[in-house]
1. Tell me the residue from A161, A152, A181, A157 that is more than 25 Å from the chain's Cα centre (by Cα), buried (at least 19 other Cβ atoms within 10 Å of the Cβ) and in the same structural domain as G249 (by TED's automatic domain parsing), please.
2. Among the residues of region 138-155, how many are closer than 18 Å to A309 by Cβ and either of a type in the set (K, R) or touching a Phe, Trp or Tyr at 6+ places or on another chain (Cβ under 6 Å) (or both)?
3. Considering region 286-303 alone, what residues qualify as being buried (at least 22 other Cβ atoms within 10 Å of the Cβ) and of a type in the set (S, T, N, Q)?
4. Within region 57-89, track down each residue that is of a type in the set (K, R) and within 27 Å of Q312 (Cβ to Cβ).
5. Please work out which residue is surrounded by the fewest Cβ atoms within 10 Å (Cβ to Cβ), limiting yourself to region 244-265 and to residues that are within 23 Å of the chain's Cα centre (by Cα) and of a type in the set (D, E).
6. Look through T283, T331, T320 and report the one residue that is more than 26 Å from K365 (Cβ to Cβ) and surrounded by fewer than 17 Cβ atoms within 10 Å (Cβ to Cβ).
7. Given the criterion buried (at least 23 other Cβ atoms within 10 Å of the Cβ) and either on the phi > 0 side of the Ramachandran plot or not assigned by TED's automatic domain parsing to the domain that holds A326 (or both), identify the matching residue among G98, G137, G123.
8. Is one or more of the residues making up region 304-313 surrounded by fewer than 22 Cβ atoms within 10 Å (Cβ to Cβ), assigned to a helix (DSSP H, G or I), touching a Leu at 6+ places or on another chain (Cβ under 8 Å) and among the hydrophobic types (A, V, I, L, M, F, W, C)?
Amino acid sequence: MTQQRLIFTAALLAAGLAAAPASAEISIAVAGPMDGQFRDLGAQMRAGAEQAVADLNAAGGVNGERLVLEVADDNCDADKAVAVANQLIGKDVVFVAGHFCFNASIPASEVYAGAGIVQISPGTTLPKFTDDRAGEGVFRLAPRDDQQAEVAGQFLADTYANDRIALLHDKTAYGKGLTDAVKAVMNDLGKSEELSLGFDAGEDDYRYIVSQLGLENVGVVFLGGYHPEAGLIKLEMDRQGLDAVLVAGDALMTDEFMAVAGEAGNGTMLTYPIDPRDIEQSTELVSALEEAGKSADRYSLATYAAIQAWAQAANLAGGTELQAVADALSTQTFETVLGAVEFDEKGDGNRPEYVIYEWREGAPKLR
């Protein structure tokens, strides 16, 4: 074959390749605390997202297009979350399962709203996230803190009507907001607290707090905050011989709490959405994740469900454009591993509901 013929053949081949349709892909993301002190929660989100993408791709993708997953670490930090959101825009992401912490989810939601990206948080519980919704593409598959406060406040007022109750919070929007809401519910039901105290998160010595609790002879402590501080406070209660029940919010549903508190952590009560493992639709997914050696915990399944709901909405919409997908999410019912999911006018999902759990023998068990 002559040199001229070779060149001509190569040119035809190149033209044919250029004309052939490329394999279409849709970029989505999971964003949360993949590193830092809350990395175990991020690991749950990532496990659920990776499995959801694998399962959807095996079933033909979304509208016949393959999904590609981006994993973004915000370290539960507002500035980093905004930077991450902008990076995801640059990667043409159309949907984000995330973020987790409210102080990452809220600023990121403003970026996504401006870029036409749908967001479903599997973990943000602060009411402000949807009460002051950044856009109609903002949703959550996590119960609101005020719903949690209703359950916790009722539990305290009913179960400990004759006990002296102290309220503690870590001064964060999550911790103080939850404690204030629990106080309001409890007080409305006729039960008053003996004292209310704020403490600084990140310290390693809470003897002064526990001493004050002891002086007031409290029998029950409600704590609004996260597991590192709660574990240290419960451990100190045990060291000082303060025989009081610790009750807290959903942030204590992590093995890291028991790693800090040790045996002293047993008996701690907490409000938490009902375990998805008890939902029939989740059985197959839990088995698949466990067989793969991945987390099959709450936020694994919530993240998986968030991606399921978005994918079904995108199929109904016939594309990934924000308005069409948001309309579908707002008006339809979606079959997920959490059960049938619907979103209200604020973007709040109907799954799951709060119940009371107790740490017993090193494991959280339904009370």
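The values are calculated or read from the model by the stated rules, or taken from the named source; none is laboratory data. Computed from a predicted structure; not experimentally measured. Here Cβ is always computed from backbone atoms with ideal geometry, including for glycine, and neighbour counts include all displayed protein chains.
1. Numbers: A161 fails: buried (at least 19 other Cβ atoms within 10 Å of the Cβ); A152 fails: more than 25 Å from the chain's Cα centre (by Cα); A181 fails: more than 25 Å from the chain's Cα centre (by Cα).
From the options A161, A152, A181, A157, the qualifying one is A157.
2. Our first condition is that a residue be closer than 18 Å to A309 by Cβ; within region 138-155, this holds for 138-144.
When the remaining residues are screened for being either of a type in the set (K, R) or touching a Phe, Trp or Tyr at 6+ places or on another chain (Cβ under 6 Å) (or both), the result is 139-140, 143-144.
Of the residues in that region, 4 qualify.
3. The answer is S300, T303.
4. As a first pass, look at region 57-89 and keep what is of a type in the set (K, R): 66, 80.
The answer is R66, and nothing else.
5. Per the stated criteria, the residue is D255.
6. Values: T283 fails: more than 26 Å from K365 (Cβ to Cβ); T320 fails: surrounded by fewer than 17 Cβ atoms within 10 Å (Cβ to Cβ).
The unique qualifying residue is T331.
7. G98
8. No, because not a single residue in region 304-313 is surrounded by fewer than 22 Cβ atoms within 10 Å (Cβ to Cβ), assigned to a helix (DSSP H, G or I), touching a Leu at 6+ places or on another chain (Cβ under 8 Å) and among the hydrophobic types (A, V, I, L, M, F, W, C).
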